[in-house]
Amino acid sequence: MNSIDSLHEKIISRYENESSQNCSLSCGSTLDELNIKQGEYILDLGCGRGTDTIHAAKSAGKGGAAVGLDLTEAMIEIAKSNAAKEKVNNAIFVKGEIENLPFPDEYFNCVTSNCVINHAKDKVKVYQEIFRVLKPGGRFVVADAVSKESLPTEVKNDPEAWAQCFGGAVTEKEYFDSIILAGFQYVDILNSREYKKNGYDFTSLTIKAVK
């Protein structure tokens, strides 16, 4: 098993265990900042139980839709069930990887994600995919965790630490560099909060960029 497979196994295991729980899996608020308009198409990366996807679908209304993507089958099933309970027919849920989005170019008006991209080994690839699927003028609003300083090698090489929204964190500069390398020209910081994670200084950021 290679490192990516091992990482995915740990992430899937964590979120399968949490799919039946009610704990919050977010590190910020994104939907208010998206300003979703009726008729828009929204992509929610790492949709979890589908809460944000369902809210986005309601905001998109008639002629619009929200697509939630998650790596974990258990989360997808819970999300579908939650959408059915709320009678939200324009919320669609798809299993897939954020580094390889199963969608055509320039398909979405906006992309959102909440404390998910830190799990990815190749953050440039994730943001390249976001750039690819956004329409010209489309925007993303993402909440994610970054570390104040580079984490030790033993932490970065621990799949369990990655699965816990810890080992995959990079510094703010490294994170923003990934976004710029993907094709976005600037990034706005909408909100930030500092905290400690396993003894290390972290920041929770909510950020926005436009294609």
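Numbers below:
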item: Only listed residue being more than 24 Å from residue 55 (Cα to Cα) and either out of contact with any helix residue (DSSP H, G or I) (no Cβ under 9 Å at 6 or more places or on another chain) or assigned to a loop (DSSP other than H, G, I, E, B) (or both), chosen from 103, 176; result: 176
item: Checklist (1) free of Cβ contacts under 8 Å to residues at least 60 places away in the same chain; (2) part of a strand (DSSP E or B) applied to residue 112, failing item; result: (1)
item: Of the criteria (1) free of Cβ contacts under 8 Å to residues at least 24 places away in the same chain; (2) under 24 Å from residue 29 (Cβ atoms), which one residue 152 fails; result: (2)
item: Hey, residue 90 closer than 21 Å to residue 35 by Cα, in contact (Cβ under 8 Å) with a residue 12 or more places away in the chain and surrounded by fewer than 22 Cβ atoms within 10 Å (Cβ to Cβ) or not; result: yes
item: Which numbered condition residue 121 fails, given (1) in a loop (DSSP other than H, G, I, E, B); (2) within 24 Å of residue 176 (Cα to Cα); (3) free of Cβ contacts under 8 Å to residues at least 60 places away in the same chain; result: (3)
item: Filter pass, residue 184 being out of contact with any helix residue (DSSP H, G or I) (no Cβ under 8 Å at 6 or more places or on another chain) and either touching a residue at least 12 places away in the same chain (Cβ under 8 Å) or outside any strand (DSSP E or B) (or both); result: no
item: Count of residues meeting criterion [more than 26 Å from residue 35 (Cα to Cα), at pLDDT below 95 and over 16 Å from the mean Cα position of the chain (by Cα)] in segment 168-211; result: 8
item: Residues of segment 40-76 classified as among the acidic types (Asp, Glu), farther than 21 Å from residue 139 by Cβ and either surrounded by 24 or more Cβ atoms within 10 Å (Cβ to Cβ) or more than 18 Å from the chain's Cα centre (by Cα) (or both), total; result: 1
item: Which listed residue is over 24 Å from residue 184 (Cβ atoms), modelled with pLDDT of 95 or more and outside any helix (DSSP H, G or I), from 92, 54, 42, 36; result: 92
item: The one condition in (1) at pLDDT 95 or above; (2) within 17 Å of residue 209 (Cβ to Cβ); (3) assigned to a loop (DSSP other than H, G, I, E, B) that residue 131 fails to fulfil; result: (3)
item: Test: residue in segment 198-205 that is among the aromatic types (Phe, Trp, Tyr) and touching a helix residue (DSSP H, G or I) at 6+ places or on another chain (Cβ under 9 Å); result: yes
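The values are calculated or read from the model by the stated rules, or taken from the named source; none is laboratory data. Since we're looking at a predicted model, the values are computed, not measured. Because the Cβ atoms are built from the backbone with ideal geometry, glycine has one as well, and the counts that use them run over all protein chains shown.
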